[in-house]
1. Please list, in order, the residues from region 297-336 whose amide nitrogen is less than 11 Å from a point placed 7 Å along the Cα→Cβ vector of GLN399.
2. What are the aspartates and glutamates whose alpha-carbon lies under 13 Å from the alpha-carbon of LYS463, with same-chain residues fewer than 8 places away excluded?
3. Using mean Cβ contacts within 10 Å as the protection proxy, how do 51-60, 498-507 order, highest first?
4. Can you give the longest stretch of the chain with no exposed loop site, where a site means trypsin sites (Lys or Arg not before Pro) in a DSSP loop (not H, G, I, E or B) with at most 12 other C-beta atoms within 10 Å?
5. So which aspartates and glutamates pass the test for LYS370, namely a Cα distance under 18 Å, with those fewer than 8 places away in the same chain ruled out?
6. Need the C-alpha centroid separation for region 628-679 versus region 484-552, integer Å.
7. With the dipole of region 73-172 worked out from charges on the C-beta (+1 for Lys and Arg, -1 for Asp and Glu) around the Cα centre, which of HIS164, VAL153, ASN131 lies farthest toward the positive end?
8. Figure the gain on full extension for ASP456 and ILE423 (residue separation times 0.36 nm, minus the Cα-Cα span) and round it to one decimal in nm.
Amino acid sequence: MNDPTPDQIRREARRLQKELTEHSYQYHVLDDPVISDAEYDILLKRLIEIEEEFPEFSTPDSPTKRVGAPPLSAFKQARHSIAMLSLDNAFNDQDVLDFHKRIVKNLNREDILYTVEPKLDGVAVELTYENGVLVQATTRGDGITGEVITENVRTIGSVPLKLHGDKTKTPFLLEVRGEVIIKKTDFDLLNKKRLENKENVFANPRNAAAGSLRQLDSKITATRPLDIFVYGIGLVQGISFQSQSQMLTLLKEFGFPVNPNIESGINIDKVLKFYKELEVIRENLDYEIDGMVIKVDDFSLQRQLGEKIKSPRWAIAYKFAAMQRTTTIKDIIIQVGRTGTLTPVAILEPVNVGGVMVSRATLHNEDEIKRKDIRIGDTALVVRAGDVIPKVVKSIKSQRNGNEIAFKMPTICPVCQSEIEKIKRDKSHINKCINASCQAQFKGRIKHFVSKKALDIDGLGKKIVDQLVNEGLIKSFADIFLLEKDTLADLDRMAQKSAANLVASVEKSKKVSLRRFLYALGIDHTGENAAKLISEKFSTLKDIMETSEDVLQQINGIGPETAQSVSDFFSNRENMAIIKDVINCGVEISNDQPVIAESNNNPFNNKRVVLTGTLQTMPRSKAKKQLEKLGAAISSSISSKTHFLIAGQKPGSKFVKAQKFGIEIMDETRLTALFNQYL
Ligand code: IVH
């Protein structure tokens, strides 16, 4: 056989470049790979071989450029054709309404429509495409001049090296602006790997993204899981855009990742509504956002409004309330929980963190205080995320004046003066009060018993429980059901009305589901989910009491620790007496869960499932794991044997194929609903 001619090799190189570009787009932008990583690597290896032997066939948009280039000695600077402005901030609805009012007045019309986008917490960049090919990437810098980071940006899998679509429509010049980010799940993996390799971990995804883009050696950048969402343009020639929404649609067609959580053409009321929704879904998004950007949609109106020196008049950032604040640690106290664990808690100078006044924050355990060198009197950074307990992240050592006091863990329980046991748990130690009748533990058990997810007794808050136990009015679970209105009315913070309400909610709580009651007992390793799984398997509490550890362990999702704790709990006479007393007080435990004879009685059991497109509330890997838990077999391609297709945003070719085969297509809302029902 003759050696291939240079022309044949050139054609092979072009074909490989084209194929690899398409696969990279399927994988990074559509999140819907059609070939395996190994197959991709084989094709890439072949292309690298060709380009090394025939450098003349290597082009700036070749996928081989994604692996990084020789290191630079310094970054060059480049001036932006059009300044990269920043945004004014709004902190409440009124600020946004004022922004809208200014626009209405300025344009002398009421019917203003906006596009709203999540405000991504990453690093702003500008990408320059000449005749459809990425030729330069820069940081925002000071807005006028940025650093040239082209080689680093080429390594980002989701950045197109060449624009997609009809070549005849390729603009002569296109400057695209967006935010380089690292997804939360990728960030966690990255830090985990760094920890294993004894490297410093990154503080947050934004720092990690910024640090990765600042590498002079793009081969290092290539190892970082960088991603991008684009949201704007700079100078363009050979194309015109009429509005923000139309621009985003076209950028998507050019192959750029555009955030799927964007709404367009909405009035100011809907803008405010979207902010509230975004606040709710924020925690579930796989990337960090710190607010919402509101933009006048119509570009001709944007031009009429114009810009100030640093920011446009047509856009504003509606920031989320800061979830991090600094404050002083006035004291460190010890809290004894219902299982006896001693938790150090920082008493803070009260501070507003994201709209909530915080005066206490957990310090987790003794090891953590030592590791972070947190002292009484320190200025500290406090964070709050969602509805979890606020925590102290670090102390700010530069603010010390020498009067700070190091914390010492007590050697006896501060509540009952019993001995403390030191137990190793994962990587740190916990200190436990060994006295099961310690009053703090007892109070903890009562608080848990009446809490929202347990018996849900409205009006029986922590402070009331403390008083009732202190006054000897509650000595057991059963005493709760014997509380009388007049006794309650005499307590602090109580009056006739609130006492009557409390008695009524106690009465109501007497009808309780098996699932809630089991959870309320506060058995070790038996949280809400375990209680749910167990109660689905048995009809009555008596059945659970009489079952064996072995049977419990056979329940899907119940581990050996839980099985043993539950079994131990019900073998203990004292516990049985406590339950008997409760039942004698008129508590009726019924099973409101359908008892599932087979725990694999769910729609996915033994079914073939395929996923496509991007999921918004969980990474695909998690969805797969959950589906597997339910007994599904996941496959990567659709065939006539497929039972379900789970379709996220931007579903790929699998969607069409599934329709052709008449396969049931399920969206993310339905999927999460089924997970909630069966997991
Ligand atoms: S538009 C003049 N859209 O926020 C328009 N910016 O304070 C300015 N950012 O430097 C940019 N998400 O880094 C825009 N959806 C979004 C954004 C966004 C994050 C950042 C960007 C910019 C800063 C402005």
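Every number here is computed from the coordinates shown, using simple stated rules; none is lab data. These numbers were taken from a predicted model, which means no experiment stands behind them. Backbone-built Cβ (ideal geometry, glycine too); neighbour counts: all protein chains shown.
1. 325-330
2. GLU471, ASP492
3. Ranking the peptides 51-60, 498-507 by packing returns 498-507, 51-60.
4. Segment 494-640 is the longest.
5. ASP331, ASP378, GLU404, ASP426
6. That distance is 38 Å.
7. ASN131
8. 8.7 nm
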